[in-house]
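A short worksheet on the structure shown next.
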Amino acid sequence: MVLPAPSRTRLLLVLALTLVVLALTVGAPTVPDQSRAEALCPGAESVRVGDTVACVHSDVAPPGVDVRVRPSTAALKSRPGAGPAAFEAAQELGVPATEVATTATDPSVPCEGDGASGYRVQAMYVVEAGRTNRYADLKGTFQLWAAGTDDVVNRSAALTGGVRHIRYVTEPGGSGCVASVLNVTVPAGSMSSFGATVAAVQALGYTAAGRKYLMWTDATVLCGVASMYTNDTSGQNNPNNGAYPQYARIDSGCWGFGNGSSQHSVEAHELLHTLGGVQGTAPHATRAGHCWDEYDSMCYADGGGFAMQQVCPPEREFFFDCNSDDYFSTYPDPGGYLDGHWNSANSRFLIGGGDGSGGGSLGTPTTLGATIAVNNPAVPGLATQASVAPALPTGRTLTKVVWTAKRADCAFSDPGDLQTSVTCAASATGSTTVTAVLTDSTGATKTVSSPLSFATGTARPITIALTAAGQSGSTASVCTGAAFPLRAEVVDTASGQPVKGLAVSFTKRASTALTVSSLGSRATALDGSAVLPQAVTLTTAYTAKTAATAVYAAAPTVGLSAAPGRCTPTLTGAKNLSSVYYSDLVTVSGTLTRQVSGVTVPVSGTKLPVRLTVATATGTRVLALGNAITQDDGSYSFAVKPTATGTLSVSLVGTVGYTATGVGLGTVTVVIPETLMTAAVADADVGYASPILVTGTLRRDAGGTVTPLAGATVTVRVLRPGSTTPTSIGSVRVGADGTFSVAPALRVSGTLLVTYAGAAGQPADSVSLGPAVAGTWTTAITAARSAASILLGQTTTVTGVATKSYGGVTVPAKSQRVLVYLTPTGSTVRSLVGSATTTSTGAYTARTAPRLSGTLTVVLPAVAGHAEAGAGPLSITVS
């Protein structure tokens with residue numbers, strides 16, 4: 001189906017300032033006097049709706065519709081309403097079929113309850129006294145239009161995986177139920193304005209708060225108008241949800257549209273206003289009750305201060321809420337606007353909506369959404385929990401989560417998980433913002449944030465512990481002159497949690513020193529530790545303490561002594577692979593520890609050389625592969641790339657502090673991977689100097705693991721017959737995906753080769769593509785002279801076009817030299833009298849001034865790859 005682009009002028013006449021201006025609360029409103037109402041509605045009509053006052057602005061009708069002309073009954077009966085176009089648009093968008101799918105002839109709507117009780121939409125035909133009453137002729141048509149309006153609602157719900165139907169007042173009919181349409185006559189003059197119409201039907205008793213009155217008014221004054229309250233509260237007590245009676249008026253000129261030729265349904269548009277859309281706080285709202293993100297049944301340039309922008313496809317014109325984020329969604333984006341503001345899909349006037357209890361039944365997400373939860377308040381320095389719950393559309397998976405905080409001193413325990421803890425510095429005050437960014441399998445992202453505040457109060461007691469080289473107590477054994485960690489760990493006494501970001505002050509005093517020296521302070525890390533690297537040759541006493549802060553009490557000073565001596569560590573090690581392909585990684589790991597009073601303690605911060613011993617024809621050689629460094633727990637892990645088969649080893653070099661030791665890790669065998677090259681040529685038989693397209697792939701095969709040789713150079717060569725050295729005609733670098741494409745000019749015939757020269761650990765390879773022919777062009781040239789007879793000393797101009805042909809292809813012979821010869825009358829000897837060079841189109845122009853009569857001949861001489869051609873003779877008379 002091809003849909004027409006909707007006109008910028010829409011079918012609606014709506015309550016542009018969205019009705020309730022003076023009374024916005026659900027409680028008993030105060031009705032203002034008329035002068036105050038007029039002051040608050042400058043340039044607009046003030047209308048009383050129940051016990052509230054509203055401002056009403058009317059809009060122009062669509063092109064081709066004159067609201068002053070009363071359509072004939074026959075013309076109205078031919079209008080199918082919104083159902084057929086909604087069906088076709090839904091097919092284009094892939095929206096699932098509804099339970100009650102309107103056709104051009106089926107007026108059925110869902111039956112619900114007794115058809116009358118509860119919150120319902122009452123359809124009405126309204127006509128002034130003294131005018132022809134067309135109710136009997138049009139009742140069935142009204143019911144068909146009512147069904148089409150319901151179809152717009154339900155298919156709009158289906159866009160987010162939900163089901164909604166208008167809860168009409170119904171009567172038996174169709175395939176079960178049809179909308180009950182009242183036949184209402186009002187006094188003459190009641191159609192002069194929306195306010196007059198509302199007052200007239202109210203006088204007849206149509207004032208139930210549990211009704212929305214959808215009025216087909218047989219009038220020729222306006223197009224469409226409706227009442228809406230400017231209140232975006234999300235609960236079921238929203239005033240648009242049955243606090244007051246609400247009214248929608250559609251005059252006869254605009255009845256039954258929505259069939260694809262006249263855009264969306266006016267009935268659906270006006271009814272949606274009575275359901276509470278579009279609130280002015282919505283992300284894409286105008287200031288006059290509509291939206292600006294096209295295409296959408298509620299969007300148009302209404303003078304509300306926003307330019308229209310095309311965001312959704314044209315088919316969305318027949319449905320509510322482009323992208324389901326402003327006023328109607330059965331699955332609001334968690335944390336989005338409709339998750340906390342009034343959502344018309346939750347109206348109790350819709351089956352599947354609020355039903356008086358709130359919320360309605362959920363659909364399914366259509367865009368990536370998420371909700372975030374962060375436990376508040378947090379104690380500065382202590383962890384608090386944070387989590388994010390994704391809402392994934394069907395068929396998508398979550399691929400990435402990234403947690404961040406606005407404060408740079410906040411850290412996350414699991415920054416890539418849905419659940420994590422966040423810890424900010426002990427000095428944090430006030431509040432910050434925690435943010436999670438989610439990415440799904442389509443690349444879509446969703447960002448959600450939550451404030452995180454910090455609690456203050458009574459100073460919390462803390463506990464501090466001090467260790468040296470992994471040992472606590474009064475004295476720690478350290479290795480003479482070797483680095484060891486001096487570590488203070490701070491724990492919140494009440495919770496047992498480590499404290500982050502608390503300053504710890506350190507001191508030291510060597511056994512020969514007379515005074516204590518300050519080592520400065522360090523802030524504790526996420527694990528509550530503050531670490532200073534130290535090295536001593538004399539017994540040294542250390543202390544650590546913290547000062548009182550706004551959150552934490554001062555910790556008592558703790559201390560220990562570090563006693564140096566020569567250490568005899570134990571080194572362990574292993575490799576993860578015994579056979580690898582050239583340049584692949586081998587991980588070497590192990591521990592460096594020592595025994596202190598029967599207890600194993602780590603040796604940290606120590607350099608361990610990793611070597612590879614390789615057998616050669618003349619003996620052995622040792623390759624230094626790098627240095628592993630032991631961590632705080634004495635462990636190490638180091639990745640190496642062996643390039644030859646040999647024996648791996650790790651060693652500890654002997655020093656004043658350490659006894660040398662080493663460990664062999666066994667043999668590692670290095671295997672050379674294969675080179676996989678493919679190549680093809682589109683056409684290897686071309687005219688001289690024409691390009692030939694060569695494509696292919698170059699990849700590395702390491703035992704079945706195939707990866708691109710990105711960045712490698714591939715060269716195209718031609719081996720001429722009788723030659724042993726191929727001629728290079730072009731080269732190209734391999735792309736990131738392992739493919740290459742090059743189109744060099746072919747000037748040499750022979751065997752076409754595509755070659756890769758190889759690299760360290762990667763063998764060379766080549767592919768022969770068979771014969772390549774740089775064929776000789778057949779040339780042709782035309783010639784004409786400007787004058788056949790000239791006076792001596794005058795010139796004649798010779799012009800023409802040169803072409804060349806090969807393999808059925810003819811192209812201009814550009815940049816070719818053209819020679820003009822004169823053969824005098826009675827002679828056989830010719831002489832050169834002019835020349836020119838062909839242009840990019842093969843054309844040439846040569847001026848010549850022959851001194852004798854005779855014939856002119858034009859020659860295109862033979863050059864490399866091009867045969868000779870000639871044109872003429874052209875007679876010339878010189879007098």
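The values are calculated or read from the model by the stated rules, or taken from the named source; none is laboratory data. Since we're looking at a predicted model, the values are computed, not measured. Cβ placement follows ideal geometry from the backbone for every residue including glycine, while neighbour counts extend to all protein chains displayed. Keep in mind that these areas ignore ligands, DNA and RNA; they rest on the heavy atoms of the full protein, side chains included. Shrake-Rupley method; radii C 1.70, N 1.55, O 1.52, S 1.80 Å.
Restricting the search to segment 425-438, which residues are open to solvent by less than 30 Å² (accessible area, probe 1.4 Å) and either among the hydroxyl-bearing types (Ser, Thr, Tyr) or over 29 Å from LEU368 (Cα atoms) (or both)? Walk me through how you get there before you give the answer.
Filtering segment 425-438 for residues open to solvent by less than 30 Å² (accessible area, probe 1.4 Å) gives 425-426, 428, 432, 434-436, 438.
If the condition is that a residue be open to solvent by less than 30 Å² (accessible area, probe 1.4 Å) and either among the hydroxyl-bearing types (Ser, Thr, Tyr) or over 29 Å from LEU368 (Cα atoms) (or both), then ALA425, ALA426, ALA428, THR432, THR435 are the ones that fit.
Are there any strands (runs of 3 or more DSSP E) wholly within segment 120-231 with 3 or more residues that are out of contact with any helix residue (DSSP H, G or I) (no Cβ under 6 Å at 6 or more places or on another chain) and within 20 Å of LEU350 (Cβ to Cβ), and if so which? Explain how you work it out, then say what you get.
On the way: elements: 120-128, 170-173, 176-179, 181-186, 211-217, 224-226.
Qualifying strands (runs of 3 or more DSSP E): 120-128, 211-217.
In segment 332-351, which residue that is in a loop (DSSP other than H, G, I, E, B) and under 14 Å from THR364 (Cα atoms) is nearest to the chain's Cα centre (by Cα)? Reasoning before the result, please.
Within segment 332-351, the first condition is being in a loop (DSSP other than H, G, I, E, B), and the residues that meet it are 332-336, 340-343, 347-349.
Keeping just the survivors that are under 14 Å from THR364 (Cα atoms) gives 332-334.
Numbers: PRO332: 19, ASP333: 16, PRO334: 18 Å.
Restricting to residues being in a loop (DSSP other than H, G, I, E, B) and under 14 Å from THR364 (Cα atoms), the top hit is ASP333.
I'd like to know if segment 319-331 contains one or more residues that are among the polar types (S, T, N, Q), in a helix (DSSP H, G or I) and free of Cβ contacts under 8 Å to residues at least 60 places away in the same chain.
Looking only at segment 319-331, we keep the residues that are among the polar types (S, T, N, Q), and these are 323-324, 329-330.
Filter once more, so that each one left must be in a helix (DSSP H, G or I): 323-324.
Those left that are additionally free of Cβ contacts under 8 Å to residues at least 60 places away in the same chain: 323.
Scanning segment 319-331, I find at least one residue that is among the polar types (S, T, N, Q), in a helix (DSSP H, G or I) and free of Cβ contacts under 8 Å to residues at least 60 places away in the same chain, so the answer is yes.
Give segment 257-278 a look and list any residue that's open to solvent by less than 10 Å² (accessible area, probe 1.4 Å) and either in contact with a strand residue (DSSP E or B) (Cβ under 9 Å, 6 or more places away or on another chain) or more than 22 Å from LYS212 (Cβ to Cβ) (or both), or say none.
Our first condition is that a residue be open to solvent by less than 10 Å² (accessible area, probe 1.4 Å); within segment 257-278, this holds for 258, 264-278.
Passing the criteria: VAL266, GLU267, HIS269, GLU270, LEU271, LEU272, HIS273, THR274, LEU275, GLY276, GLY277, VAL278.
Report yes if ARG847 is assigned to a loop (DSSP other than H, G, I, E, B), in contact (Cβ under 8 Å) with a residue 12 or more places away in the chain and either touching a helix residue (DSSP H, G or I) at 6+ places or on another chain (Cβ under 7 Å) or more than 30 Å from ASP685 (Cβ to Cβ) (or both), otherwise no. If you could, list the steps in order and put the result at the bottom.
Details: assigned to a loop (DSSP other than H, G, I, E, B): no; in contact (Cβ under 8 Å) with a residue 12 or more places away in the chain: yes; either touching a helix residue (DSSP H, G or I) at 6+ places or on another chain (Cβ under 7 Å) or more than 30 Å from ASP685 (Cβ to Cβ) (or both): yes.
When the stated conditions are applied, ARG847 does not pass them.
Working only within segment 317-349, note down all residues that are out of contact with any Pro (no Cβ under 7 Å at 6 or more places or on another chain) and among the aliphatic types (A, V, I, L, M). So that I can check it myself, show each step before the final result.
So the first thing to find is which residues in segment 317-349 are out of contact with any Pro (no Cβ under 7 Å at 6 or more places or on another chain), and the list is 318-324, 327-330, 332-336, 340-342, 344-349.
Selection gives ALA345 alone.
Okay, residues lined up against (1) of a type in the set (A, V, I, L, M); (2) open to solvent by 40 Å² or more (accessible area, probe 1.4 Å):
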| position | (1), (2) |
| --- | --- |
| THR458 | no, yes |
| ILE464 | yes, no |
| ALA483 | yes, yes |
| GLU489 | no, yes |
| GLN497 | no, yes |
| LEU502 | yes, no |
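Would you mention how many residues in segment 677-706 are over 30 Å from PHE638 (Cβ atoms) and open to solvent by 60 Å² or more (accessible area, probe 1.4 Å)?
Of all residues in segment 677-706, those over 30 Å from PHE638 (Cβ atoms) come to 677-698.
With open to solvent by 60 Å² or more (accessible area, probe 1.4 Å) added as a condition, the list becomes 678, 682-683, 685, 691, 693.
The total comes to 6.
Of VAL56, VAL60, VAL109, which residue is modelled with pLDDT under 55 and in contact with a Phe, Trp or Tyr (Cβ under 6 Å, 6 or more places away or on another chain)? Break it down stepwise before answering.
Working: VAL60 fails: in contact with a Phe, Trp or Tyr (Cβ under 6 Å, 6 or more places away or on another chain); VAL109 fails: modelled with pLDDT under 55.
The conditions single out VAL56.
Step by step: first the residues of segment 439-452, then only those that are buried (at least 16 other Cβ atoms within 10 Å of the Cβ) and touching a Leu at 6+ places or on another chain (Cβ under 7 Å), then the one that is nearest to TRP403 (Cα to Cα). Which residue is that?
Residue satisfying both the conditions and the ranking: LYS446.
Here is a yes/no grid of residues against (1) modelled with pLDDT of 95 or more; (2) in contact with a Gly (Cβ under 6 Å, 6 or more places away or on another chain):
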{"site": "SER324", "(1), (2)": "no, no"}
{"site": "GLY340", "(1), (2)": "no, no"}
{"site": "LEU350", "(1), (2)": "no, no"}
{"site": "GLY353", "(1), (2)": "no, yes"}
{"site": "GLY356", "(1), (2)": "no, no"}
{"site": "THR371", "(1), (2)": "no, yes"}
{"site": "ALA378", "(1), (2)": "no, no"}
{"site": "LEU392", "(1), (2)": "no, no"}
{"site": "VAL401", "(1), (2)": "yes, yes"}
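Restricting attention to segment 161-172, report how many residues are surrounded by fewer than 24 Cβ atoms within 10 Å (Cβ to Cβ) and either among the hydroxyl-bearing types (Ser, Thr, Tyr) or modelled with pLDDT of 90 or more (or both). Steps first, please.
The first filter runs over segment 161-172 and keeps only residues surrounded by fewer than 24 Cβ atoms within 10 Å (Cβ to Cβ), leaving 161-163, 165, 169, 171-172.
In the following step, the residues that additionally are either among the hydroxyl-bearing types (Ser, Thr, Tyr) or modelled with pLDDT of 90 or more (or both) were identified as 165, 169, 171-172.
Of the residues in that region, 4 qualify.
Pick from segment 743-759 the residues that are open to solvent by 20 Å² or more (accessible area, probe 1.4 Å) and under 22 Å from SER690 (Cα atoms): which of them is nearest to the chain's Cα centre (by Cα)?
So the residue we want is ALA743.
Need the failing condition index for THR803 against (1) closer than 30 Å to ASP683 by Cβ; (2) open to solvent by less than 80 Å² (accessible area, probe 1.4 Å); (3) more than 53 Å from the chain's Cα centre (by Cα); (4) among the hydroxyl-bearing types (Ser, Thr, Tyr), just the number.
(3)
Quick one: which residue in THR512, THR475 is open to solvent by 70 Å² or more (accessible area, probe 1.4 Å), farther than 30 Å from ASP409 by Cα, touching a strand residue (DSSP E or B) at 6+ places or on another chain (Cβ under 9 Å) and hydroxyl-bearing (Ser, Thr, Tyr)? It would help to see each step written out before you state the result.
Numbers: THR512 fails: touching a strand residue (DSSP E or B) at 6+ places or on another chain (Cβ under 9 Å).
The conditions single out THR475.
Could you go through segment 768-780 and let me know if any residue there is of a type in the set (Gly, Ala, Ser), surrounded by fewer than 15 Cβ atoms within 10 Å (Cβ to Cβ) and at negative phi. Don't jump to the end; show me each part of the working.
Taking segment 768-780 and keeping what is of a type in the set (Gly, Ala, Ser), we get 768, 770, 772, 774-775, 780.
Next, from what is left, pick out any that are surrounded by fewer than 15 Cβ atoms within 10 Å (Cβ to Cβ): 768, 770.
Filter once more, keeping what is at negative phi: 768.
Yes, some residue in segment 768-780 is of a type in the set (Gly, Ala, Ser), surrounded by fewer than 15 Cβ atoms within 10 Å (Cβ to Cβ) and at negative phi.
I'm trying to understand the selection: among the residues of segment 275-318, which are touching a residue at least 24 places away in the same chain (Cβ under 8 Å) and of a type in the set (Phe, Trp, Tyr)?
Passing the criteria: TYR295, TYR300, PHE318.
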